[in-house]
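A.B. asks: Quick one: the structure is below, questions incoming.
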Amino acid sequence: GPAGFLESFTMPSRWDWIQHKILDFIPMLLGLCAARAHTPMPRAAWIYAATGLTLLGGLALTVHQHSDHPGMHDIVNVQHRWLAVSALFIAASLILDAKQHVTWKFKPYLLPTGLLIVGLQLAFYVE
């Protein structure tokens, strides 16, 4: 918005802004998880951390509301619900990816598909 970083903490919509900044960490952690997945570091810890954060983000999006957008209130909230469903899909994909005994041939495509869907949702997101 028009306010700077520090001014954003005093705006009437500061709680929406703070939620957005906290939820920004989800794709960052997913990127770190993907980058670390092929290193000798224990993969399970990264997968479970990313899964937990993704679940938290998905659940947060189910209760995240915008009331400061007259006329667009319903559109914004519906978009949040679809982002929440996508986050839960990504969390499930991460869990399936960590399970070595699951050998479904489409398993390697679940996480990238979820991330592409979220990317498309964010590309067309309006607020």
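A.B. asks: List pairs: first in segment 53-66 and of a type outside the set (Gly, Ala, Ser), second modelled with pLDDT under 80 and open to solvent by 90 Å² or more (accessible area, probe 1.4 Å), Cβ under 9 Å, 6+ apart or cross-chain?
C.D. replies: So the pair list comes out as LEU53/PHE25.
A.B. asks: Name the residues in segment 100-127 that are in a loop (DSSP other than H, G, I, E, B) and open to solvent by 70 Å² or more (accessible area, probe 1.4 Å), would you?
C.D. replies: Looking only at segment 100-127, we keep the residues that are in a loop (DSSP other than H, G, I, E, B), and these are 100-106, 124-127.
Of everything in segment 100-127, those that are in a loop (DSSP other than H, G, I, E, B) and open to solvent by 70 Å² or more (accessible area, probe 1.4 Å) turn out to be GLN100, HIS101, THR103, TRP104, LYS105, PHE106, PHE124, GLU127.
The values are calculated or read from the model by the stated rules, or taken from the named source; none is laboratory data. Remember, it's a predicted structure, so these values are computed and weren't measured experimentally. Glycine also receives a Cβ, built like all others from the backbone with ideal geometry; neighbour counts cover every protein chain displayed. For accessibility, only protein heavy atoms count, side chains too; no ligands or nucleic acids. Shrake-Rupley method; radii C 1.70, N 1.55, O 1.52, S 1.80 Å.
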